[in-house]
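Trainee: Okay, here's the structure, questions in a sec.
Any read-out appearing in this document is the output of simple, stated calculations on the displayed coordinates, not a laboratory observation. Just so it is clear, the model here is predicted, and its values are computed rather than measured. Cβ sites come from the backbone with ideal geometry, for glycine too, and all protein chains shown count toward neighbours.
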Amino acid sequence: MVPEPWRIQRVRRETEDTFTVELEPANGQQGLPFAAGQFNMLYVFGLGEVPISISGDPGAPERILHTTRAVGAVTQAMSRLRRGDVVGLRGPFGSTWPVNEFEGSDLVLVAGGIGLAPLRPALYRILGRRGEYGRVALLYGARTPSDVLYFKELKEWRGQFDLEVHVTVDRGEGGWRGNVGVVTQLISRASFDAASTVAMVCGPEIMMRFSVAELANRGVSTTNMFISMERNMKCAVGFCGHCQFGPTFICKDGPVFRYDRVEPFLRLREV
Ligand SMILES: Cc1cc2nc3c(=O)[nH]c(=O)nc-3n(C[C@H](O)[C@H](O)[C@H](O)COP(=O)(O)OP(=O)(O)OC[C@H]3O[C@@H](n4cnc5c(N)ncnc54)[C@H](O)[C@@H]3O)c2cc1C
Ligand code: FES
């Protein structure tokens, strides 16, 4: 429960309101082994703690990356931190994307907005062992071209012959010549064998629901769909109840859930 001090090595501005910090331990600790999909509690001293997914490569646990959108008191204060500043870190917590369980399957990763950050470690893991999977598609939607995260990396991934990447924006401003429309429209374009496909979906809840419906239309089973949930958190270890969702705690049973296990509660309001 006690946060460890971690020093900011680098801050990278991704978009106007989103930034990535690279952290290294300030107390001599050797990195932080984690799995794709997990999150840390980051403490801005004197202000508060927030859950933020790890967005870096699980194969390089000595570099802990977090990509954060500045939305409120803590995340805005975090966006003002610079190289050399120290934050508190507890973690890693939570469940993981099932990248080790479905070798041989086709994979479809569907991300909306900041939802690409929690999926990026899964993609690193998949690309690092590309031969173990069938076809792999990444479908990503952002609000506008200037909200597209990891622009350079997306271009590199698109250049790979063994990875299908489609990007779309809600509003095509500033000379954008790519796709315009919601991310769910990309699902019909991706090539995969629905019977042996595993889907991982991360983004706003409404986007995840529509994506799941579209994937189901294409024949993917809900038992092969995984989503990552967000709720307010305090303890992150299943004690306080802040993140309760139906019979589960998102901090310890999630944030990654098999869709059919949470689907009944997603339909209820105020759960
Ligand atoms: C498991 C988990 C992983 C997460 N991973 C990430 C991540 O990788 N990157 C990231 O940027 N965020 C992530 N979040 C969300 C992040 O924790 C919140 O944005 C953060 O707690 C907001 O804290 P704050 O003090 O800055 O804002 P608050 O003062 O708590 O909120 C300020 C305003 O922003 C709104 N708000 C709060 N959270 C969000 C949100 N998620 N999206 C839009 N508006 C919001 C509130 O309703 C309020 O109006 C994750 C959350 C969970 C539970
Ligand atoms: S945050 Fe306390 S139980 Fe999940």
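Trainee: What list do you get for Asp106, Asp17 if you sort them by fewest beta carbons within 10 Å?
Mentor: On the way: Asp106 22, Asp17 15.
The order, fewest Cβ neighbours first, is Asp17, Asp106.
Trainee: In Å³ and rounded to a whole number, note down the convex hull volume per residue for the Cα atoms of segment 67-214. The partial results should precede the final answer.
Mentor: Details: hull volume 22.0 nm³, N = 148.
With only Cα atoms used, segment 67-214 gives 149 Å³ per residue.
Trainee: May I ask for the Kirkwood hydrodynamic radius of segment 90-173, worked out over all distinct Cα pairs and given in angstroms to one decimal? Numbers along the way, then the final one.
Mentor: On the way: mean 1/r = 0.0731 Å⁻¹.
Roughly 13.7 Å, rounded to one decimal.
Trainee: Can you tell me the length gained on complete extension of the stretch Val86 to Gln244, counting 0.36 nm per residue apart and subtracting the Cα distance? Write down the numbers at each step before the final one.
Mentor: Working: separation 158, 0.36 × 158 = 56.88 nm, distance 3.05 nm.
Length gained between Val86 and Gln244: 53.8 nm.
Trainee: Could I ask something else about it? What does the convex hull of the alpha-carbon atoms of segment 116-160 project to on average, in nm²? Let's see the in-between values first.
Mentor: Values: hull surface 13.6 nm².
Here the figure is 3.4 nm², rounded to one decimal.
Trainee: Shifting gears a bit: Between Leu47 and Gln76, with labels modelled 7 Å along Cα→Cβ, what's the label distance in nm to one decimal, could you check?
Mentor: If labels sit at Leu47 and Gln76, their model points lie 0.9 nm apart.
Trainee: At a temperature of 10 °C and a viscosity of 1.306 mPa s, determine how fast the chain diffuses translationally according to Stokes-Einstein, using the Kirkwood radius over alpha-carbon pairs as Rh; express D in µm²/s, rounded to the nearest whole number. Before the final figure, lay out the partial values.
Mentor: Details: Rh = 19.0 Å.
For these conditions, the coefficient is 84 µm²/s.
Trainee: For each of Met1, Met233, count neighbouring Cβ atoms within 10 Å of the residue's Cβ, then give the residues from fewest to most.
Mentor: Details: Met1 8, Met233 21.
By the 10 Å Cβ count, ascending, the order reads Met1, Met233.
Trainee: How big is the gap, in Å, between the Cα center of segment 145-192 and the Cα center of segment 60-80?
Mentor: When both Cα centres are located, 24 Å separates them.
Trainee: Filter the GluC sites (Glu not before Pro) in segment 149-234 to those in DSSP coil with at most 14 other Cβ atoms within 10 Å of their Cβ, and list the result.
Mentor: On the way: sites: Glu153, Glu156, Glu164, Glu173, Glu205, Glu214, Glu230; in loops: Glu173, Glu230.
Answer in residue order: Glu173.
Trainee: Please list, in order along segment 86-91, the HN-Hα scalar couplings obtained from phi with the Karplus expression 6.51 cos²θ - 1.76 cosθ + 1.60 (θ = phi - 60°), rounded to whole Hz, x for Gly and Pro.
Mentor: These are the phi-based 3J(HN,Hα) values: 10, 10, x, 9, 10, x Hz.
Trainee: If we sort 189-199, 128-138 on the protection proxy, mean other Cβ atoms within 10 Å, highest first, what's the order? Spell out each step's value before the answer.
Mentor: Working: 189-199: 17.8, 128-138: 15.8.
Highest-to-lowest ranking by the protection proxy: 189-199, 128-138.
Trainee: Moving to a separate point now. Give the long-range amide H neighbours of Val180: residues separated by 5 or more places, or on another chain, with amide H under 5 Å away, using H modelled in the peptide plane at 1.01 Å from N.
Mentor: Those lying under 5 Å, H to H, from Val180 are Val169.
Trainee: Of the candidates Pro51, Pro61, Pro98, which one comes out as most mobile in a Gaussian network treatment of the chain with C-alpha springs shorter than 10 Å?
Mentor: Pro61
Trainee: On a straight-distance basis, which aspartates and glutamates could pair with Lys252 in a cross-link, Cα separation under 16 angstrom, same-chain partners fewer than 8 positions away excluded?
Mentor: Output for Lys252: Glu230.
Trainee: Here's another thing I want to ask about it. What is the spread of the Cα atoms of segment 141-267 along each of their three principal axes, largest first, in whole Å?
Mentor: For segment 141-267, the Cα spread along each principal axis is 49, 34, 26 Å.
Trainee: Where does each of 245-257, 82-94 land if you order them by average Cβ count within 10 Å, highest first?
Mentor: Values: 245-257: 20.5, 82-94: 17.7.
The most tightly packed comes first, giving 245-257, 82-94.
Trainee: Could you give the DSSP H helices of the chain that reach 15 angstrom or more along their long axis (alpha carbon positions) and whose average Kyte-Doolittle hydropathy is no lower than 0.5?
Mentor: Numbers: long enough: 116-128 (17 Å, 0.72); 205-217 (18 Å, 0.53).
The answer, listed by residue number, is 116-128, 205-217.
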